[in-house]
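*Asks:* I'd like to ask you about the structure that follows.
The values are calculated or read from the model by the stated rules, or taken from the named source; none is laboratory data. Note that the structure is a prediction, hence the values are computed from the model and not measured. Cβ sites come from the backbone with ideal geometry, for glycine too, and all protein chains shown count toward neighbours.
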Amino acid sequence: MTLRPRRWSTRWIALSLALLIACTQVGCDRESEKTPAPSTASSASTDGVATRQQVKAAYDGWYDAFADAVTSGTYRREDFARYSVDPKLTATIKDLDKLRDLNVVYRGRPTWDAQVTSLNLDTKPPTAALRICLDMSKSTPVDKTTGENLKPAGELPRFVITASAKQLNGKWYLADSTTQRTTPC
């Protein structure tokens, strides 16, 4: 009996890819469901504006590293450790490994607009909530070898992601996120 290597069907890869993208944004854990949403505890002071910019910079840095990784097919853990902590850090690495194993890269770079919706500077550690509009309209998942389009049918081109961040040792890090694929933005 001769064993042939298993060939992944386009449908299976597209389904796996949709799940993988959702897992990357969500972190695929239940811990975030147990964490209450941060309360709004900031003022419109200069410190509040600077803090919001730092939180936004953490998300922007993480997503910039993520966009580089999915378009090139390569990454370094350190690129994500600069901007995220567990559970988000570990989930991101696992999801990028899955994309690599499926031989998937993205053509075109996704864009995003992250806004800090609340700060809670009275907790230990301080926390923040973000709302992100992710635009995938010019970014398409493809098989790295064949170039075959693997974009799931019916996927919204722009959708909402909510995220949480926390401050550790004076620096803000992305901690978790949830993709709302059915909520357009």
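*Asks:* Determine the pairs where a residue that is without any contact (Cβ under 8 Å) to a residue 60 or more places away in the chain, located within segment 103-122, has a partner that is of a type in the set (Phe, Trp, Tyr) with Cβ atoms under 8 Å apart, the partner being 6 or more residues away or on another chain.
*Replies:* Pro110/Tyr63; Trp112/Tyr63; Ala114/Tyr59; Ala114/Tyr63
*Asks:* If I filter segment 139-183 down to residues being in contact with a Lys or Arg (Cβ under 7 Å, 6 or more places away or on another chain) and β-branched (Val, Ile, Thr), which single residue comes out as nearest to Asn120 (Cα to Cα)?
*Replies:* Thr162
*Asks:* Okay, moving on. Hey, among Arg100, Arg131, Arg109, which residue is of a type in the set (Lys, Arg), closer than 22 Å to Phe80 by Cα and part of a strand (DSSP E or B)?
*Replies:* Just a single option satisfies the conditions, and that option is Arg131.
*Asks:* Residues that are under 29 Å from Val49 (Cβ atoms) and modelled with pLDDT of 95 or more: does segment 137-154 have at least one?
*Replies:* So far as segment 137-154 goes, no, none of its residues is under 29 Å from Val49 (Cβ atoms) and modelled with pLDDT of 95 or more.
*Asks:* Is at least one residue of segment 155-170 among the basic types (Lys, Arg) and either assigned to a loop (DSSP other than H, G, I, E, B) or at pLDDT below 95 (or both)?
*Replies:* Taking every residue of segment 155-170 in turn, none turns out to be among the basic types (Lys, Arg) and either assigned to a loop (DSSP other than H, G, I, E, B) or at pLDDT below 95 (or both).
*Asks:* Of the residues Asp101, Asp97, Asp113, which single one is under 16 Å from the mean Cα position of the chain (by Cα), more than 22 Å from Lys56 (Cα to Cα), surrounded by fewer than 15 Cβ atoms within 10 Å (Cβ to Cβ) and at pLDDT 95 or above?
*Replies:* Testing whether each residue is under 16 Å from the mean Cα position of the chain (by Cα), more than 22 Å from Lys56 (Cα to Cα), surrounded by fewer than 15 Cβ atoms within 10 Å (Cβ to Cβ) and at pLDDT 95 or above leaves just Asp97.
*Asks:* Does Trp172 fit the bill of being of a type in the set (Phe, Trp, Tyr) and under 20 Å from Thr90 (Cα atoms)?
*Replies:* Yes.
*Asks:* Keeping to segment 69-80, report how many residues are in a helix (DSSP H, G or I), free of Cβ contacts under 8 Å to residues at least 24 places away in the same chain and surrounded by fewer than 15 Cβ atoms within 10 Å (Cβ to Cβ).
*Replies:* Looking only at that region, the number is 2.
*Asks:* Considering only segment 134-150, how many residues are under 17 Å from the mean Cα position of the chain (by Cα) and either over 13 Å from Thr71 (Cα atoms) or not in a loop (DSSP other than H, G, I, E, B) (or both)?
*Replies:* Total satisfying the criteria: 5.
*Asks:* Looking at (1) among the small types (Gly, Ala, Ser); (2) over 13 Å from the mean Cα position of the chain (by Cα); (3) within 14 Å of Lys56 (Cβ to Cβ), find the lone condition where Ala165 falls short.
*Replies:* Of everything listed in (1) among the small types (Gly, Ala, Ser); (2) over 13 Å from the mean Cα position of the chain (by Cα); (3) within 14 Å of Lys56 (Cβ to Cβ), Ala165 misses just condition (2).
Residue-wise test of (1) modelled with pLDDT under 95; (2) exposed (fewer than 15 other Cβ atoms within 10 Å of the Cβ); (3) closer than 17 Å to Trp172 by Cβ.
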{"site": "Leu17", "(1), (2), (3)": "yes, no, no"}
{"site": "Leu20", "(1), (2), (3)": "yes, no, no"}
{"site": "Glu33", "(1), (2), (3)": "yes, yes, no"}
{"site": "Asp47", "(1), (2), (3)": "yes, yes, yes"}
{"site": "Val55", "(1), (2), (3)": "no, no, yes"}
{"site": "Gly61", "(1), (2), (3)": "no, no, yes"}
{"site": "Ala91", "(1), (2), (3)": "yes, no, no"}
